[in-house]
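A.B. asks: Structure in structure tokens, see below.
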Amino acid sequence: MSRSIVRQINPKFLAVIVESSGGGAFLVLHLSKVGRVDKNYPLVVGHSGPVLDIDWCPHNDNIVASCSEDTTAMVWQIPDHTPSRPISEPIVVLEGHSKRVGIIKWHPTARNILLTAGGDNLIIIWNVGTGEPLMTMDDHPDLIYNVSWNYNGSLFCTTCKDRRLRVCDPRKNEVVAERLSPHEGIRPMRAIFTKEGNIFTTGFTRMSQRELGLWDPTNFEEPIALLELDTSNGVLLPFYDPDTNIVYLSGKGDSSIRYFEITEEPPYVHYISTFSSKEPQRGMGFMPKRGVDVSKCEIARLYKLHERKCEPIMMTVPRKSDLFQDDLYPDTAGPEPALEPEEWMDGRDADPILVSMRDGYVPPKSRELKVAKKNVLDTRPATRRSMSVIDGSSLPPQLLEKLVEEIQNLKATVLSQEKRICDLENKLSKYTNGTV
């Protein structure tokens with residue numbers, strides 16, 4: 001069913017991009033669902049071109065963003081229950097790129113802040129609560145390979161086809177540091193920020209060996225560490241756990257996952273172990289820390305995408321005690337945003353709001369994302385005038401009365417339909433919550 005290497009996980013859902021006739025689509029499954037997926041299972045549809053990237057909102061487990069070859073990004077609300085028909089109405093459509101949009105990333109600490117990067121080499125920061133672009137960066141002369149926010153979302157780093165690693169300050173709209181060829185090979189690189197503010201990179205040597213590096217963005221002259229791995233062709237995708245400082249490396253076509261610990265002592269990047277399996281992976285997803293099972297001493301969970309299935313891979317630490325292991329589970333980033341969009345735009349920074357893992361994952365109450373279109377509408381030249389300010393002298397009295405009557409009838413119809421929808425949703429909620 002799937003053709004993609006892109007899949008995203010959160011404590012509630014798994015999302016995978018799939019092939020779809022007539023446009024782009026992705027599949028969303030509740031993590032409790034196991035077994036075969038029906039070929040007619042409702043998809044999330046709406047893009048007119050293939051979906052290229054998806055990202056779950058870190059502050060609302062029911063909100064997911066997608067981007068596509070159709071040059072748009074869309075934000076969707078996923079219901080807790082299995083939908084009976086395809087989800088085709090996004091909460092908001094973000095239009096600002098002139099070419100395909102290949103990267104989409106939520107801000108780690110600020111509510112409703114979303115980043116997109118497109119084939120037009122632009123990076124746009126959006127406020128999805130209003131549907132408006134906040135800023136646009138045009139500092140990249142070529143295709144952007146990946147984007148990674150730092151721990152508090154004050155900076156992000158990018159890798160680009162021009163072989164440069166850049167550190168960008170979006171609110172100043174400038175590149176604050178850059179390094180040419182952190183890896184000497186010409187194949188694509190990946191880069192992520194660590195919790196301490198260093199940058200971990202994967203790439204290739206001049207002889208096409210896969211390589212990883214650790215860099216201090218305040219001093220790009222020499223790497224903190226540089227380590228050659230093997231001669232495989234797949235680009236290594238890093239998945240980072242800031243609580244344990246462990247990086248999990250997975251490449252498309254590989255049948256193994258290597259993991260390394262990043263420390264402040266030499267050699268700085270310590271090889272730990274390798275998970276191996278027989279089948280190569282088509283993609284990999286990484287569960288946020290608050291979704292792991294603390295009763296089994298699980299410190300990480302990855303989801304391996306095969307040709308026809310998706311397999312969870314649990315990383316556990318063997319412990320004899322059944323008690324909560326404080327050393328394995330420091331407080332981790334929770335679902336509450338630390339900043340409002342206006343605070344972040346005004347220059348404030350804040351680390352994620354942490355939650356205890358002692359009681360395991362407790363799903364927060366589902367919240368609806370409301371989009372205030374006021375700011376968007378204010379920028380449009382055409383405005384709709386209220387009936388109260390229409391010049392009645394320009395219309396015959398009979399026509400004016402007919403228009404007013406028709407508007408009142410339409411309003412009554414809309415109100416009755418909204419009440420019916422509300423009643424049905426309440427009834428459905430009672431069934432899905434097991435109260436009926």
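The values are calculated or read from the model by the stated rules, or taken from the named source; none is laboratory data. Every value quoted in this text rests on a predicted model; they were computed, and no experiment measured them. No Cβ is skipped: glycine too gets one built from the backbone with ideal geometry, and neighbour counts run over all protein chains shown. We work out accessible area using only protein heavy atoms, side chains counted, and drop any ligands, DNA or RNA first. Shrake-Rupley method; radii C 1.70, N 1.55, O 1.52, S 1.80 Å.
A.B. asks: Pick out the one residue from P318, P337, P341 that is open to solvent by 40 Å² or more (accessible area, probe 1.4 Å), of a type outside the set (F, W, Y) and either out of contact with any helix residue (DSSP H, G or I) (no Cβ under 9 Å at 6 or more places or on another chain) or under 30 Å from P133 (Cα atoms) (or both).
C.D. replies: Details: P337 fails: open to solvent by 40 Å² or more (accessible area, probe 1.4 Å); P341 fails: open to solvent by 40 Å² or more (accessible area, probe 1.4 Å).
When all the criteria are applied, what remains is P318.
A.B. asks: Right, another one. Tell me which residues, restricted to the stretch 281-331, are touching a strand residue (DSSP E or B) at 6+ places or on another chain (Cβ under 9 Å) and among the β-branched types (V, I, T).
C.D. replies: V292, I299, I313, T316, V317
A.B. asks: Something else now. Can you tell me which condition D139 does not meet? The list is (1) in a strand (DSSP E or B); (2) open to solvent by 50 Å² or more (accessible area, probe 1.4 Å), and all the others hold.
C.D. replies: (1)
A.B. asks: Which numbered condition trips up L227, out of (1) within 19 Å of G253 (Cβ to Cβ); (2) open to solvent by 40 Å² or more (accessible area, probe 1.4 Å); (3) part of a strand (DSSP E or B)?
C.D. replies: (1)
A.B. asks: Return the pair list, or none, for Cβ contacts closer than 7 Å from residues in the stretch 82-104 that are surrounded by fewer than 17 Cβ atoms within 10 Å (Cβ to Cβ) to residues that are among the hydroxyl-bearing types (S, T, Y), at least 6 apart or on different chains.
C.D. replies: Final answer for the pair search is V93/T72; E95/T72; S98/T71; K99/T71.
A.B. asks: I'd like to verify a number: residues in the stretch 169-207 that are without any contact (Cβ under 8 Å) to a residue 60 or more places away in the chain, open to solvent by less than 60 Å² (accessible area, probe 1.4 Å) and among the polar types (S, T, N, Q), how many? Quick ask: steps written out before the conclusion?
C.D. replies: Initially, the stretch 169-207 is screened for residues without any contact (Cβ under 8 Å) to a residue 60 or more places away in the chain, giving 169-170, 172-193, 195, 197, 199, 201-207.
Add one more test, that the residue is open to solvent by less than 60 Å² (accessible area, probe 1.4 Å), and what stays is 169-170, 175, 177, 179, 181-183, 185, 188-193, 197, 199, 201-205.
Keeping just the survivors that are among the polar types (S, T, N, Q) gives 181, 201-202, 205.
Here the count works out to 4.
A.B. asks: Somewhere in the stretch 38-46, is a residue more than 20 Å from K12 (Cβ to Cβ), open to solvent by less than 40 Å² (accessible area, probe 1.4 Å) and of a type in the set (S, T, Y)?
C.D. replies: No, the stretch 38-46 contains no residue that is more than 20 Å from K12 (Cβ to Cβ), open to solvent by less than 40 Å² (accessible area, probe 1.4 Å) and of a type in the set (S, T, Y).
This table checks each residue for (1) hydroxyl-bearing (S, T, Y); (2) open to solvent by 30 Å² or more (accessible area, probe 1.4 Å); (3) modelled with pLDDT of 90 or more.
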position	(1), (2), (3)
P238	no, no, yes
E279	no, yes, yes
A300	no, no, yes
E307	no, yes, no
M314	no, yes, yes
